[in-house]
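Report on one structure; see the data block that follows.
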Amino acid sequence: MSIALYDHSLISGRDLTVHFGDGQAASLGLSRWHGAARGADASLLDIIDGPALDIGCGPGRIVAALAARGCPALGIDVAPAAVRLARRAGGRALLRSVFGHVPGAGNWAFAVLADGNIGIGGDPERLLRRTAELVRPDGRVLLELDQPGSGLRLRQAQLRDDLGTTGRWFPWASVGVEALDKLANGAGLVVVESWSAHDDEDDGGGRRWFAALARG
């Protein structure tokens, strides 16, 4: 991913479009990541009652909301602007890759992969295996999925802004609801709960899908 382009968009407020190698494209939806947690976010937040790690925290709406509830939380992101914005929002955040050194590894009660972050690295089974290492034995991995029928898609992706600036190609994955069981099992996890929730009308009112995983 072009971190510089992503950083610039976070700061400027410009949205980004993700273009995939198969010719498909979609808005990254940066506007929803700014500001306070809302809508379907509540279905994640209401589950978390212990120390939580937000992987790919972006501008920090999840960690800020948890901090406001008095719940210990840490966000990690590879984008410097995201970390600065998360801290400004009131959350704790570090410039860190999930595949590098993560404070408290093995002791988090919850690890969160929201906003499509199951796609990080383009290998969701590897990511889930790593995430399982970060939570304690009775911990939960909470993640957001693509809608049913989407399947598992491993693709090359590229970010582009509305001025035509493009980033380099990077591997990304999309995981539909029905593809999760096999991936979880391969990572030594089991699906213990899945659900969907609606966003607010201001965010399009669309339905979002989530799941909670535990160590097998």
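The values are calculated or read from the model by the stated rules, or taken from the named source; none is laboratory data. These figures come from a predicted structure and were not determined experimentally. When we count neighbours, we look across all protein chains shown, and the Cβ atoms used for this are built from the backbone with ideal geometry, even at glycine. Note: areas computed on protein heavy atoms with side chains; ligands, DNA, RNA excluded. Shrake-Rupley method; radii C 1.70, N 1.55, O 1.52, S 1.80 Å.
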With a cut-off of 8 Å between alpha carbons and a minimum separation of six or more residues, what is the relative contact order of the stretch 83-158 in percent? 32 percent
Report the label-to-label distance for PHE20 and ALA197 in nanometres (one decimal), using points 7 Å from each Cα along the Cα→Cβ vector. 2.6 nm
Please express the shape of the stretch 13-83 as an equivalent ellipsoid: the semi-axes are the square roots of 5 times the eigenvalues of the C-alpha gyration tensor, given largest first in whole angstrom. 26, 13, 12
Give me the orientation-averaged projected area of the Cα convex hull of the chain, in nm², one decimal. 10.6 nm²
Provide the descending list of Cα extents for the stretch 113-173 along its principal axes, expressed in whole angstroms. 47, 26, 17
Mean separation of Cα contacts under 8 Å, 6 or more apart, over the residue count of the stretch 12-142: relative contact order %: 19 percent
Ignoring any ligand, DNA or RNA, what whole percent of the accessible area of the chain comes from carbon and sulfur when the probe is 1.4 angstrom? 50 percent
Taking a cut-off of 15 Å, what percent of all Cα-Cα pairs in the stretch 112-216 are separated by more than that? 64 percent
Within the chain, helix-based [θ] at 222 nm, where runs of 4 or more DSSP H residues each add -39,500 (n - 2.57), nearest 500: -6500 deg cm²/dmol
Can you run phi through the Karplus equation (6.51, -1.76, 1.60; θ = phi - 60°) for the stretch 99-113 and list ³J(HN,Hα) in whole Hz, with x for Gly and Pro? 8, x, 6, 10, x, x, 3, x, 10, 6, 6, 9, 10, 10, 10
Per the rule of 0.36 nm per residue minus the C-alpha distance, extending THR166 to SER97 adds in nm 22.6 nm
ALA42 paired with SER150, simple spin-label distance in nm, labels 7 Å along Cα-to-beta-carbon: 2.3 nm
